[in-house]
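Quick notes on the structure that follows.
The values are calculated or read from the model by the stated rules, or taken from the named source; none is laboratory data. Just so we're clear, the structure is a prediction, and the values are computed from it rather than from any experiment. No Cβ is skipped: glycine too gets one built from the backbone with ideal geometry, and neighbour counts run over all protein chains shown.
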Amino acid sequence: MTAFQTPRLTVRPFEPGDLDALAAIVGDPEVMRFVGDGQPLDRPAVADWIVRSRENVARHGYGTAAVLDRDSGVLIGWAGVARPPEGGEELIYGLARAWQGKGLGREILDGLIAVARARGVERLRALIYPQNHASAAMLARASFTLADTMYEGEADTHLYVLEIA
């Protein structure tokens with residue numbers, strides 16, 4: 001993934017040393033309630049995630065990356081463009097609980113769209129739980145449209161799509 005910065009954030013590929021900080025973030029049930037199956041991840045899953053993310057960056061030029069506070073350099077979340085098995089490029093992002101509600105999600109989203117555009121990605125998708133009103137509003141403000149309601153696991157998810165010109 002091409003690293004990028006926003007006014008308050010640095011986004012860069014994961015490094016092996018990110019394991020402890022990322023495991024703490026994704027081990028928080030509150031952070032993970034709208035991610036994947038809604039369950040926290042354990043340390044081995046996080047270690048595997050970092051390895052796979054680094055492989056995807058090497059193979060495709062983008063993937064999931066670490067989000068750091070620019071001032072302190074502290075890892076505060078993750079963001080990236082994933083390649084799910086069903087195809088297409090999908091945005092994923094999340095922030096540690098202490099960093100939520102500060103407008104950082106929009107900075108991340110704008111940066112990810114710019115990276116996708118620069119990489120020639122024509123269509124981005126995002127899957128969110130219908131109860132995740134903050135993400136739904138953020139995606140709508142960025143011109144994503146609700147394309148479908150899908151059933152995944154034990155919950156409905158909304159598929160949002162952005163056609164990149």
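A few notes on this one:
- Here Val51 fits the description: β-branched (Val, Ile, Thr), surrounded by fewer than 16 Cβ atoms within 10 Å (Cβ to Cβ) and farther than 26 Å from Thr145 by Cα.
- Residue count for region 44-62, restricted to those that are among the basic types (Lys, Arg) and touching an Asp or Glu at 6+ places or on another chain (Cβ under 9 Å): 1
- Among (1) assigned to a strand (DSSP E or B); (2) more than 24 Å from Ala24 (Cβ to Cβ), the one test that Tyr62 misses: (1)
- For Ile76: the one exception among (1) modelled with pLDDT of 95 or more; (2) part of a strand (DSSP E or B); (3) farther than 21 Å from Glu15 by Cα; (4) aliphatic (A, V, I, L, M): (3)
- Count of residues meeting criterion [in contact with a strand residue (DSSP E or B) (Cβ under 8 Å, 6 or more places away or on another chain), over 28 Å from Ala155 (Cβ atoms) and at pLDDT below 95] in region 16-56: 1
- Any hit, region 64-75, residues being touching a Gly at 6+ places or on another chain (Cβ under 7 Å), crowded, with 20+ Cβ neighbours inside 10 Å and farther than 22 Å from Gly103 by Cα: no
- A search for C-beta distances below 7 Å between a residue of region 51-75 that is among the hydrophobic types (A, V, I, L, M, F, W, C) and any residue that is exposed (fewer than 14 other Cβ atoms within 10 Å of the Cβ) and not in a helix (DSSP H, G or I), counting only pairs 6+ apart in sequence or on different chains, returns Leu68/Val74.
- Meets criteria (touching a Gly at 6+ places or on another chain (Cβ under 6 Å) and either part of a loop (DSSP other than H, G, I, E, B) or surrounded by fewer than 15 Cβ atoms within 10 Å (Cβ to Cβ) (or both)) for Pro40: yes
- Residues being surrounded by 15 or more Cβ atoms within 10 Å (Cβ to Cβ), farther than 19 Å from Gly103 by Cα and not aromatic (Phe, Trp, Tyr) - total across region 13-27: 8
- Search result, residues across region 54-63 that are surrounded by 12 or more Cβ atoms within 10 Å (Cβ to Cβ) and out of contact with any helix residue (DSSP H, G or I) (no Cβ under 7 Å at 6 or more places or on another chain): Arg54, Asn56, Val57, His60, Gly61
- Residue ID - farthest from Asp28 (Cα to Cα), chosen from residues in region 94-108 that are surrounded by 21 or more Cβ atoms within 10 Å (Cβ to Cβ) and in contact with a Ser or Thr (Cβ under 9 Å, 6 or more places away or on another chain): Ile108
- Restricting region 109-131 to residues that are out of contact with any helix residue (DSSP H, G or I) (no Cβ under 8 Å at 6 or more places or on another chain) and in a strand (DSSP E or B), the residue that is surrounded by the fewest Cβ atoms within 10 Å (Cβ to Cβ): Arg123
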